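The values are calculated or read from the model by the stated rules, or taken from the named source; none is laboratory data. Given the structure is predicted, the values throughout are model-derived calculations rather than measurements. Neighbour counts are summed over all protein chains in view; Cβ atoms, including those assigned to glycine, are modelled from backbone coordinates with ideal geometry.
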Amino acid sequence: MEETKHAEESLRDRVMAAIKTVYDPEIPVDIYELGLIYEVSIYPINNVFVKMTLTSPACPAAETIPSEVETKIKQLRDVNDVQVEVTFDPPYSPDMMSEAAKLELGFI
């Protein structure tokens with residue numbers, strides 16, 4: 001059982017690393033640091049679920065960012081299936097950014 005738990009943590013770490021390679025084309029910070037990722041779940045048989053948002057419903061990259069997240073995760077070894085859900089509840093706000101993102105963008 002311990003080996004399974006370790007493998008799941010490892011997959012989660014790899015999923016998070018893949019997510020951190022996706023950027024909003026208009027902002028030089030990855031989508032995780034921007035606070036756009038609300039949930040990452042790994043289900044049995046290595047199915048990955050990501051709940052995320054965009055900086056606004058009218059975001060020009062609304063089509064490309066979620067599909068890029070899905071593609072990058074699907075490329076990982078051992079991933080069976082990926083589902084990316086986009087939500088606007090709660091709506092995005094710059095307060096959701098990490099300290100690193102706020103510093104990079106000059107908010108602090």
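Looking only at the range 75-85, decide whether some residue is part of a loop (DSSP other than H, G, I, E, B) and of a type in the set (D, E, K, R). There is at least one residue in the range 75-85 that is part of a loop (DSSP other than H, G, I, E, B) and of a type in the set (D, E, K, R). Contact map, the range 80-100: first residue basic (Lys, Arg), second residue surrounded by 13 or more Cβ atoms within 10 Å (Cβ to Cβ) and at pLDDT below 95, Cβ cut-off under 7 Å, separation 6 or more or different chains; the map is empty. The condition of being more than 24 Å from Lys102 (Cβ to Cβ) and in contact with a helix residue (DSSP H, G or I) (Cβ under 8 Å, 6 or more places away or on another chain) holds for Ile42. Going residue by residue through the range 45-52, is there one that turns out to be loosely packed, with under 13 Cβ neighbours inside 10 Å, β-branched (Val, Ile, Thr), modelled with pLDDT under 95 and in a loop (DSSP other than H, G, I, E, B)? Yes, some residue in the range 45-52 is loosely packed, with under 13 Cβ neighbours inside 10 Å, β-branched (Val, Ile, Thr), modelled with pLDDT under 95 and in a loop (DSSP other than H, G, I, E, B). Filtering the range 74-84 for residues that are closer than 29 Å to Phe107 by Cβ and either among the hydroxyl-bearing types (Ser, Thr, Tyr) or modelled with pLDDT of 95 or more (or both) leaves a non-empty set. Of all residues in the range 86-102, those that are surrounded by fewer than 13 Cβ atoms within 10 Å (Cβ to Cβ) and in a helix (DSSP H, G or I) total 4.
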